[in-house]
């Protein structure tokens with residue numbers, strides 16, 4: 001489908017398929033804002049980035065060595081042999097066909113109150129929006145509190161595991177390495193002389209966060225002795241928790257032998273004594289997200305390929321933690337954050353910002369020349385507290401229809417303005433045309 005971008009922002013139209021197997025066009029627009037904070041009150045103003053437009057995320061972006069390699073592909077990629085589930089996502093691509101909910105994501109760090117090193121402190125995120133049940137006032141649709149401790153590690157000695165942490169910390173990165181999770185690996189020494197034997201005696205991960213700390217397979221010590229390999233003397237401890245949670249020694253987990261499906265992985269992960277606590281992107285291959293992708297078996301290959309399986313759940317396209325997903329917010333929603341910005345710019349620790357009511361939308365041009373405005377929805381909010389930016393991703397999925405000749409992306413800055421404005425002498429004629437074609441063009 002031909003797309004004309006009439007906005008100063010990055011926009012793209014691409015083909016997709018919905019759950020009814022209908023061919024669709026998905027239009028995505030990414031709008032960026034600079035955040036300016038009043039240090040006294042914490043109230044922030046948003047300035048739209050119309051001269052330095054933020055580019056669309058056309059592919060996943062990562063933290064660490066993968067990110068360095070992506071910026072300069074000629075450099076070596078130290079972790080290119082890592083399995084895909086261990087890649088540390090910074091942001092996920094904007095090229096999702098559809099998101100049934102809005103993702104609220106945070107990129108940055110947790111900062112100790114007043115810029116003074118602390119032993120433990122809370123961080124909080126809240127999104128308020130008008131809803132169908134509350135059309136005139138905003139109500140909280142996301143409210144999440146976590147607690148942060150200084151980085152630390154578990155050390156193994158004669159008497160077992162001992163937790164040692166830094167006494168205090170100024171800030172802790174909001175990345176999954178600092179949350180509960182981890183992996184257990186014991187190489188098979190016989191594999192070195194006989195490649196037909198398994199490479200690992202033990203190769204298990206925390207299904208909900210292979211990157212974290214504090215998780216260990218219960219068989220690790222026994223299999224390490226069998227391989228004549230020393231048990232790790234040090235294991236990273238998590239620093240980010242849900243309220244009133246802590247961990248004094250590693251959690252030793254034995255996964256059932258019958259874990260052969262993503263749904264079973266999600267059930268097992270739900271039974272862990274702790275859940276990973278974070279504010280960033282959840283990897284597609286982690287529980288419970290992976291279970292939403294459906295069943296890819298022989299029946300699917302014979303009857304559905306290349307379409308998604310019948311049990312595919314479109315919530316799979318949402319990449320935020322479940323408690324950071326909400327119904328699509330209104331264009332004037334309010335976002336509040338506690339201890340997520342540097343105290344140098346937010347001395348009180350509190351920052352509040354309201355979206356200005358700007359609206360992105362798609363104008364469909366019908367074959368008879370009639371313009372048909374199609375609203376887009378906000379389905380991704382990315383708050384970068386280090387860069388002091390807010391990214392707002394708008395999306396519109398349109399079933400392909402022979403009545404639609406082309407599409408245009410537009411951006412309305414007046415919150416009260418109609419999406420379509422008529423010249424007076426054409427108003428009656430055009431309104432009649434829309435009434436007769438709107439239903440046909442959108443079904």
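All of the numbers you see were taken from the coordinates with simple rules; none came from a lab. Note that the coordinates shown come from a computational prediction; the quantities given were computed from them, not determined experimentally. Every residue, glycine as well, gets a Cβ built from its backbone with ideal geometry; the counts of neighbours run over all protein chains shown.
For the reader, a short list of remarks on this structure follows.
- Counting neighbouring beta carbons within 10 Å and listing from fewest to most, the residues 265, 234, 216, 363 come out as 234, 363, 265, 216.
- Distance in nm between pseudo-label sites at residue 227 and residue 387 (7 Å out along the Cβ direction from Cα): 3.9 nm
- Sorted by Cβ neighbour density within 10 Å, fewest at the top, the residues 215, 200, 300, 305: 305, 200, 300, 215
- Label-zone membership for region 347-380, site residue 116, 7 angstrom Cα→C-beta point, backbone N under 20 Å: 347-351
- Fraction of beta bridges assigned by DSSP in the chain that are antiparallel (%, nearest 5): 85 percent
- Peptides 51-58, 274-281, ordered by how many other C-beta atoms sit within 10 Å of their residues on average, highest first, read 274-281, 51-58.
- Cα gyration tensor shape of the chain, rounded if a/c is under 1.5, else prolate or oblate by comparing a/b with b/c: oblate
- Where a label projected 7 Å from the Cα of residue 162 along Cα→Cβ would reach, residues of region 210-254 with amide N under 19 Å: 214, 231-238, 247-251
- Among 397, 225, 315, the largest mean-square fluctuation in a Gaussian network model of the chain, built with springs joining Cα atoms closer than 10 Å, belongs to 225.
- Paramagnetic reach from residue 132 in region 343-378 [backbone N under 20 Å; point 7 Å along Cα→Cβ]: 374-378
- Between residue 257 and residue 52, the contour length at 0.36 nm per residue exceeds the alpha carbon distance by 68.5 nm.
- Annotation: the residues 313, 217, sorted from fewest to most other C-beta atoms within 10 Å of their own C-beta, follow the order 313, 217.
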